[in-house]
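Following: one structure in structure tokens, then a few remarks.
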Amino acid sequence: MANSPDLSVLVMGETGSGKSSVVNLLVGENVAEVSSGASVCTPKTVKHEATIAIEVEGQEIQMRVHIWEVGGFNQPEAKPGKTPTTALDMELGPILQVNGSVDVVLFCMQGPKLKNTSTRIFEYVNGILGGHVPIVPVITKLERERENMEKWWDRNEERLESMGLSGTGHACITGLQCARYEAKSAESRASLVSILKGQYSPGRKSTSLENVLKKLVHENPREYNKKTLVKRFKLDSAVAKRLLQ
Ligand SMILES: Nc1nc2c(ncn2[C@@H]2O[C@H](COP(=O)(O)OP(=O)(O)O)[C@@H](O)[C@H]2O)c(=O)[nH]1
Ligand SMILES: [Mg+2]
């Protein structure tokens, strides 16, 4: 556990689930490249910064947020039962080097086309980060939901609960920012900000990514040694040594 005045957020989910759009909503500018149907988006993890005004006990404060759009989930065709990803640990290594801690995971899933891939990716992410950090489902692409976007949750709550995605809050959103959906877009941003605000209690303890990776390394001793940690995860040798202790 570590104290940090800033909030660290991991935005995860399969390619096309709307991660970059969520980042742009939070930052308030188009900083993350949204993939078009034609272009293959980069599988790399990218960091963004946001300053978000929130009210705490009647006072406006500027919440500084480090947002990591985590890549590496670009193999949605993985065979059933196989890990649907390259390696989350490989993505977490560099984040650990730069950031050290994490407060919350926003796990993006497209509501109208909720896929089994998302379920498998979630199980994998949950296996590594679950129990350490809240993993909050962000259901995207809901602008065509009748009445309000939250209705999606009412219909699908049980299904998500059966996946273990419950009790951590949620957001039902659209990542589209166009005149037609202006009100829904503002609502979506407010939902996301509200999740982040909920994690931003003063004096809170952020989760140390080093501890998360340490546990992973110790649970899978055959997979990890100093050489793989330094080379594959691009970790400093001192950090690699600590993880193996
Ligand atoms: N209709 C709709 N399209 C969206 C929404 N969010 C993202 N998209 C589209 O879905 C595609 C993938 O979005 P992107 O944010 O790049 O997803 P990422 O690959 O997870 O980063 C792009 O074509 C976006 O324009 C949404 O809320 N509604
Ligand atoms: Mg993206």
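Whether any residue in region 156-179 is under 30 Å from Q245 (Cα atoms) and at pLDDT 90 or above is what I want to check.
Pass one, region 156-179, residues under 30 Å from Q245 (Cα atoms): none.
So far as region 156-179 goes, no, none of its residues is under 30 Å from Q245 (Cα atoms) and at pLDDT 90 or above.
Could you please find all residues in region 194-217 being within 23 Å of V98 (Cβ to Cβ) and of a type outside the set (A, V, I, L, M, F, W, C)?
If the condition is that a residue be within 23 Å of V98 (Cβ to Cβ) and of a type outside the set (A, V, I, L, M, F, W, C), then Q199, Y200, R204, K205, S206, T207, S208, E210, N211, K214, K215 are the ones that fit.
Just checking, how many residues over region 96-123 are buried (at least 20 other Cβ atoms within 10 Å of the Cβ) and more than 16 Å from ligand 2 (Cβ to nearest atom)? Walk me through it before giving the result.
Filtering region 96-123 down to residues buried (at least 20 other Cβ atoms within 10 Å of the Cβ) leaves 96, 101-109, 111, 117-118, 120-122.
From what is left, the residues that are more than 16 Å from ligand 2 (Cβ to nearest atom) are 96, 101-104, 111, 120, 122.
Of the residues in that region, 8 qualify.
Before we move on, is I121 assigned to a helix (DSSP H, G or I) and over 22 Å from V31 (Cα atoms)?
Answer is yes for this residue.
Pairs under 8 Å by beta carbon, first residue among the hydroxyl-bearing types (S, T, Y) in region 25-40, partner at pLDDT 70 or above and within 11 Å of ligand 2 (Cβ to nearest atom), six or more apart or different chains?
S35/T15; S35/G16; S35/S20
Among the candidates T174, T168, single out the residue that is without any contact (Cβ under 8 Å) to a residue 40 or more places away in the chain, touching a Pro at 6+ places or on another chain (Cβ under 6 Å) and part of a loop (DSSP other than H, G, I, E, B).
Values: T174 fails: touching a Pro at 6+ places or on another chain (Cβ under 6 Å).
Unique residue meeting the criteria: T168.
Look through K151, K234 and report the one residue that is in contact with an Asp or Glu (Cβ under 8 Å, 6 or more places away or on another chain), farther than 24 Å from P5 by Cα and surrounded by fewer than 17 Cβ atoms within 10 Å (Cβ to Cβ).
Within the list K151, K234, the selection yields K151.
Show the residue pairs that are 6+ apart or on different chains and have beta-carbon atoms under 7 Å apart, the first residue being within region 12-24 and within 22 Å of V133 (Cβ to Cβ), the second being of a type in the set (D, E) and within 9 Å of ligand 2 (Cβ to nearest atom).
Within 7 Å, the pairs are K19/E69; S20/E33; S20/E69; V23/E69.
Any idea how many residues of region 134-159 are at negative phi and either more than 16 Å from ligand 1 (Cβ to nearest atom) or not in a loop (DSSP other than H, G, I, E, B) (or both)?
Of the residues in region 134-159, the ones at negative phi are 134-140, 142-146, 148-159.
Narrowing further to those that are either more than 16 Å from ligand 1 (Cβ to nearest atom) or not in a loop (DSSP other than H, G, I, E, B) (or both): 134-140, 151-159.
Total satisfying the criteria: 16.
Quick one: is G131 free of Cβ contacts under 8 Å to residues at least 24 places away in the same chain and either surrounded by 21 or more Cβ atoms within 10 Å (Cβ to Cβ) or outside any loop (DSSP other than H, G, I, E, B) (or both)?
When the stated conditions are applied, G131 does not pass them.
Specify the residue that is farthest from F122 (Cα to Cα); the eligible residues are those in region 177-207 that are part of a loop (DSSP other than H, G, I, E, B) and within 12 Å of ligand 1 (Cβ to nearest atom). Before you say what the answer is, go through the steps one by one.
Taking region 177-207 and keeping what is part of a loop (DSSP other than H, G, I, E, B), we get 177-178, 199-205.
So of that shortlist, the ones also within 12 Å of ligand 1 (Cβ to nearest atom) come out as 177-178.
Values: Q177: 26, C178: 30 Å.
Looking at residues that are part of a loop (DSSP other than H, G, I, E, B) and within 12 Å of ligand 1 (Cβ to nearest atom), I get C178.
The values are calculated or read from the model by the stated rules, or taken from the named source; none is laboratory data. No experiment lies behind these values; they were computed from the predicted model shown. Cβ atoms come from the backbone with ideal geometry, glycine included; neighbour counts cover every protein chain shown.
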